1. Limited to region 86-97, what total is found for residues that are in contact (Cβ under 8 Å) with a residue 12 or more places away in the chain and assigned to a loop (DSSP other than H, G, I, E, B)?
2. Which residue out of ARG83, ARG33 is basic (Lys, Arg), part of a helix (DSSP H, G or I) and open to solvent by 30 Å² or more (accessible area, probe 1.4 Å)?
3. Have a look at ALA127, ALA114 and point out the one that is assigned to a loop (DSSP other than H, G, I, E, B), in contact (Cβ under 8 Å) with a residue 12 or more places away in the chain and buried (at least 16 other Cβ atoms within 10 Å of the Cβ).
4. Here is a list: LEU26, LEU21. Which entry is open to solvent by less than 20 Å² (accessible area, probe 1.4 Å), in contact (Cβ under 8 Å) with a residue 12 or more places away in the chain and either within 22 Å of GLY111 (Cβ to Cβ) or among the charged types (D, E, K, R) (or both)?
5. Does any residue in region 149-161 that is farther than 15 Å from LEU135 by Cβ come within less than 9 Å, Cβ to Cβ, of a residue that is loosely packed, with under 15 Cβ neighbours inside 10 Å and aromatic (Phe, Trp, Tyr) six or more places away or on a different chain, and which pairs are these?
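The values are calculated or read from the model by the stated rules, or taken from the named source; none is laboratory data. In this text, all values refer to a predicted model and were calculated from it rather than measured experimentally. Heads up, the Cβs are rebuilt from the backbone with ideal geometry, glycines too, and the neighbour counts pull from every protein chain shown. Surface accessibility is based on the protein's heavy atoms, side chains included, excluding ligands, DNA and RNA. Shrake-Rupley method; radii C 1.70, N 1.55, O 1.52, S 1.80 Å.
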Amino acid sequence: PISEWALVMEYCPRGDLHHLLLMEGLPGLALNRAMQITAEVALALEHLHSLGIVFRDLKLENVVLDHKGRSKLTDFGLAKQRRGGHNAIDEAEQSGGSYASFTSTYCGSHGYAAPEINPRLVHGFAADLYSFGVLLLMLLMGGEVFHDAQSERRLPPETPNDLREVLGRLSFDFYWASHHFLQPA
């Protein structure tokens with residue numbers, strides 16, 4: 001009989017995206033680096049959604065970098081699979097582009113959680129897309145720099161209204177780049 005269990009995980013020595021922003025951000029990352037990272041995260045979310053899984057806690061700290069600098073999602077503690085595990089992307093395409101909502105658990109991380117994640121509303125896969133947008137914004141802009149006695153942190157906008165305000169202050173250059181470089185292939 002087995003008396004001990006072991007959890008084996010891939011070694012990701014380059015840390016998480018928050019660490020990367022602190023080391024390389026000026027305050028955000030170079031556009032090509034941010035595009036590479038977000039493309040890899042988008043593929044991971046696409047795979048999860050195709051399996052009927054909503055991640056629900058996408059943030060800088062939950063994306064780690066392997067030895068080649070490739071992005072990997074980590075910490076699936078809040079992830080939830082829709083009953084039956086149906087492909088959410090196919091279902092959305094068949095229903096006119098709307099992702100299914102199927103859970104009402106209040107979860108996620110401050111600043112990254114979609115507004116519909118609250119105890120009174122049902123949410124689903126679209127919540128990951130909101131968090132993905134905040135993650136992309138953080139990688140490009142660096143977020144708000146917060147210093148305390150021990151460390152430096154990069155914080156996302158606190159509320160959806162704060163996010164709207166930040167987006168409203170973006171320059172034409174940012175707008176142009178987002179529409180020309182960050183479109184789906």
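1. Summing the residues that are in contact (Cβ under 8 Å) with a residue 12 or more places away in the chain and assigned to a loop (DSSP other than H, G, I, E, B) in region 86-97 gives 2.
2. Just a single option satisfies the conditions, and that option is ARG33.
3. ALA114
4. Among LEU26, LEU21, only LEU21 is open to solvent by less than 20 Å² (accessible area, probe 1.4 Å), in contact (Cβ under 8 Å) with a residue 12 or more places away in the chain and either within 22 Å of GLY111 (Cβ to Cβ) or among the charged types (D, E, K, R) (or both).
5. GLU152/PHE146; ARG153/PHE146
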